[in-house]
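The values are calculated or read from the model by the stated rules, or taken from the named source; none is laboratory data. Keep in mind it's a predicted model, so treat the numbers as computed, not measured. Don't worry about glycine lacking a Cβ; one is built from the backbone with ideal geometry, like all the others, and counts go over all protein chains shown. Heavy atoms of the whole protein, side chains included, go into the accessibility calculation; ligands, DNA and RNA do not. Shrake-Rupley method; radii C 1.70, N 1.55, O 1.52, S 1.80 Å.
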Amino acid sequence: MPRISDREELVYLLAEASELEHALCCCYLFAAFSLKRDQSEDLSASELDAVKRWERTIAGVAVQEMLHLALASNLLTALGAAPHLRRPNFPIHSKYLPLSLRRFEERTLDHFIFIERPDGMVIPDAPGFEAPLASADGSGPDGVEPVDVPFATVGHLYRDIEEGFKALCAKYGEERVFIGPPRAQATAAYFPFRGLMAVTDMASAVKAIEEIVEQGEGLRGDIENSHYARFLSIRGELDRLRAGRPEFEPARPVMENPVIEHPDARAVGELFNASYALMVEMLMRFFSHTEESDEELSTLVATAVGMMQSVVKPLGPMLTSMPAGAAGDGARAGPGFEFYASIDLLPHRDAAWAIFDERFTELAEFSGQLAARAGLLAGLDRVHARIESLAANLRRHRRAPVG
């Protein structure tokens, strides 16, 4: 008997998958942001080359997690449900895959390898990351409420989702299962993600799930380009470099799940979190849009991607170069990827775009103050200029309110 036999249960599990993909993206970015940036940080030329290569690899995996989140959103939309971009703040105390923001090191890599391992592979998690034992039977009572469905790997989770789609189609037929509007699907016409596809029937749902599983763990024994294989390769290279120079340390001493007390770092951390939250709110609006034109939808995506690339991405490494403690010594700060309690879908088109404009104005003012502050980091002026540019472009596409 399938473990998922109704729409509500399938939507619930896809929301779980969305939270997992979103959280993994943040964890991978945090590890990449923690890496050292030049030889002045006690790196040889060859070590710096390796560290830069690892940063590109981990950032590339994070981008693919964004693709997986978009595909999970399409699967939800296809069912007639709302995309799920919210998640708990870190640390995340999951029964199955507990997640923390940790700097790049052996234990972090081992945890990433454990998360992305192929279904059926038995390896231990890194010390300190072990999840509490979950029930072996996720069938739950034969009722109408969603229940937890235990999963051992990310691939296992998506196989249950695939079986849920098949069970629902057998029960109702495809036409009654895939009831979401096709126009609401995210596609490569809007997002720069190779492999992003619309989900409108069982065949495309299976294809989307295969894309997620293949990139994570590999399929049918072909794991060469999977996330699992990439992390395993980095781990092996790190071991070889450590053997040649035991004191080699590729990452800055960044605090786990940072609690920032230093006033300068706290201000930059606030700018990071506020920019990240605005980016997610814009993506929520895209995935749940109502009256937006195609041009306006493209503008939403381009602005959100611009925030990621030219605001969030440069602020992350800036934070890992700053002190976390009030005294200015000890552990370094880092991006918290924190959401406000109020972050949610803005449901009304004109009001949503007015709020985006208002928030950009506030971020531009705040970033301008930071950029002008003596003694703060170089590069904040470029972040400020980019926020102003993104705000101006969004404003050009804002309609005048009607009535």
For the chain, the accessible surface attributable to carbon and sulfur atoms (probe 1.4 angstrom, ligands and nucleic acids excluded) amounts in percent to 53
With +1 at each Lys and Arg Cβ and -1 at each Asp and Glu Cβ, the charge dipole magnitude of the chain around its Cα centre, to the nearest 20 debye, comes out at 880
With Thr57 itself left out, Lys, Arg at +1 and Asp, Glu at -1 over residues whose Cβ is under 11 Å from its Cβ give +2
Between Glu270 and Arg382, the two model label points (7 Å from Cα along the beta-carbon direction) sit apart by a distance in nm of 2.5
Any helix of the chain counts here only if DSSP assigns it H throughout, its Cα atoms span 18 Å or more along the axis, and its mean Kyte-Doolittle hydropathy is at least 0.0, and such helices are 7-33, 45-78, 202-217, 263-287, 294-307
Taking only C-alpha positions in the range 1-66, Rg and Dmax in angstrom work out to 18.4, 60
Here P(r) for the range 277-383, Cα-Cα distances in 5 Å bins, as whole percents, is 2, 10, 18, 22, 17, 13, 9, 5, 3, 1, 0
Here the residues of the range 163-179 lying in the modelled label zone of Glu8, meaning backbone nitrogen under 19 Å from a point 7 Å along Cα-to-Cβ, are 164-165, 167-169, 171-172, 177-179
With every protein chain kept in place and a 1.4 Å probe, the range 211-313 has an accessible area per residue in Å² of 40
Length gained if Ala203 through Asn393 is fully extended, taking 0.36 nm per residue and subtracting the Cα-Cα distance, is 64.6 nm
Log10 I(q)/I(0) at q = 0.07 Å⁻¹ for the chain, from Debye over equal alpha-carbon scatterers, is -0.34
Sorting Leu85, Leu363, Gln39 by the position of each Cα along the dipole of the chain (Lys, Arg +1; Asp, Glu -1; all at Cβ), the one nearest the positive end of that ordering is Gln39
For the pair Lys95 and Ile355, the simple spin-label estimate (label points 7 Å beyond Cα toward Cβ) gives in nm 3.2
On the formula 1/(1 + (r/R0)^6), with r taken between the Cβ atoms of Ser293 and Glu105 and R0 of 60 Å, the FRET efficiency rounded to 0.05 is 0.80
Taking a probe of 1.4 Å and leaving out DNA, RNA and ligands, the range 40-111 shows per residue an accessible area in Å² of 34
Expressed in angstrom and rounded, the centroid-to-centroid distance over alpha carbons for the range 261-329 and the range 1-57 is 17
CD proxy, 222 nm, the chain: helix-only mean residue ellipticity via -39,500 (n - 2.57) per DSSP H run with n ≥ 4, per residue, nearest 500, stands at -18000 deg cm²/dmol
Net charge near Arg285 (other residues with Cβ under 13 Å of its Cβ; Lys, Arg +1; Asp, Glu -1) is -4
Charge tally for neighbours of Met197 with beta carbon under 12 Å away, counting Lys, Arg as +1 and Asp, Glu as -1, is -1
Check: in the chain the Lys pairs 8 or more apart or on separate chains whose Cα atoms fall under 22 Å apart number 5
